[in-house]
Amino acid sequence: GPLGPFGTKVRLAYMLRMVALETYNDLIAVNKIRNAFAHDLTVKSFEDQKITAWIQNMYIYGIVKKLGEEAKERLETGIGTGRDDHASDFIRSQVLLSSKRAYRDCVRLIIHQLSDQVDAIKAHEAEMNADKPEVQPSES
């Protein structure tokens with residue numbers, strides 16, 4: 001892309017204060033994992049020790065792991081309000097089974113977080129521009 005590799009875009013987003021330090025560090029980990037799969041021929045799966053360590057050191061991993069553990073506990077104790085909760089808890093508890101599943105859920109949460117930030121920025125811009133008249137393009 002125009003700004004260069006993914007890592008450069010992540011650093012720029014952090015320098016412009018578009019992402020928090022935790023998100024920045026998690027995105028750098030995503031970049032390292034991507035680069036390991038792309039360039040390190042010894043890395044063959046998410047269960048590779050280096051990959052697993054990067055995943056488990058992500059800030060968002062702590063949240064994903066906690067959600068998975070809570071869901072597993074609800075399944076084991078039978079606490080829940082219905083079939084939908086049971087299905088949701090089953091899906092959340094699966095994150096504990098492999099690094100690949102944990103990584104997938106970490107990336108999903110990061111994407112949701114970034115999407116929420118974009119929506120907040122757009123709403124703030126709309127609020128700031130609400131009193132300004134619309135500028136029409138001039139005809140040549």
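The values are calculated or read from the model by the stated rules, or taken from the named source; none is laboratory data. Every value quoted in this text rests on a predicted model; they were computed, and no experiment measured them. Neighbour counts are summed over all protein chains in view; Cβ atoms, including those assigned to glycine, are modelled from backbone coordinates with ideal geometry. Each accessible area value is taken on the protein alone, full model and side chains, heavy atoms only, with ligands, DNA and RNA left out. Shrake-Rupley method; radii C 1.70, N 1.55, O 1.52, S 1.80 Å.
Quick notes on this structure:
- The lone exception for D131 - which of (1) in a helix (DSSP H, G or I); (2) open to solvent by 60 Å² or more (accessible area, probe 1.4 Å); (3) among the acidic types (D, E) it fails: (1)
- The set of residues in region 98-109 being under 11 Å from V30 (Cβ atoms) and either surrounded by 20 or more Cβ atoms within 10 Å (Cβ to Cβ) or of a type outside the set (V, I, T) (or both) consists of Y103, C106.
- One residue from V19, V10, V30 being free of Cβ contacts under 8 Å to residues at least 40 places away in the same chain and either within 21 Å of A102 (Cα to Cα) or β-branched (V, I, T) (or both): V10
- Screening D85 against (1) open to solvent by 70 Å² or more (accessible area, probe 1.4 Å); (2) assigned to a helix (DSSP H, G or I); (3) over 23 Å from Y14 (Cα atoms) leaves a single unmet condition, (1).
- Among the residues making up region 16-31, a single one is open to solvent by 80 Å² or more (accessible area, probe 1.4 Å), farther than 18 Å from V64 by Cβ and touching a Phe, Trp or Tyr at 6+ places or on another chain (Cβ under 9 Å): L21.
- Some residue of region 88-105 being closer than 29 Å to H124 by Cα and within 17 Å of the chain's Cα centre (by Cα): yes
- Residues of region 59-82 that are surrounded by 13 or more Cβ atoms within 10 Å (Cβ to Cβ) and either in a loop (DSSP other than H, G, I, E, B) or among the polar types (S, T, N, Q) (or both): G80 alone.
- Test for S138: is it among the hydroxyl-bearing types (S, T, Y), open to solvent by less than 70 Å² (accessible area, probe 1.4 Å), over 26 Å from G7 (Cβ atoms) and free of Cβ contacts under 8 Å to residues at least 24 places away in the same chain: no
- Yes/no for V118 being under 25 Å from E22 (Cβ atoms), open to solvent by less than 60 Å² (accessible area, probe 1.4 Å) and in a helix (DSSP H, G or I): no
- Residues that are in contact (Cβ under 8 Å) with a residue 24 or more places away in the chain and among the β-branched types (V, I, T) within region 63-111 comprise I63, V64, V95, V107, I110, listed in sequence order.
- The residue of region 32-58 that is surrounded by the most Cβ atoms within 10 Å (Cβ to Cβ), among those that are aliphatic (A, V, I, L, M) and more than 18 Å from I111 (Cα to Cα), is I51.
- Total residues in region 77-130 satisfying the condition of being small (G, A, S) and touching a helix residue (DSSP H, G or I) at 6+ places or on another chain (Cβ under 7 Å): the figure is 4.
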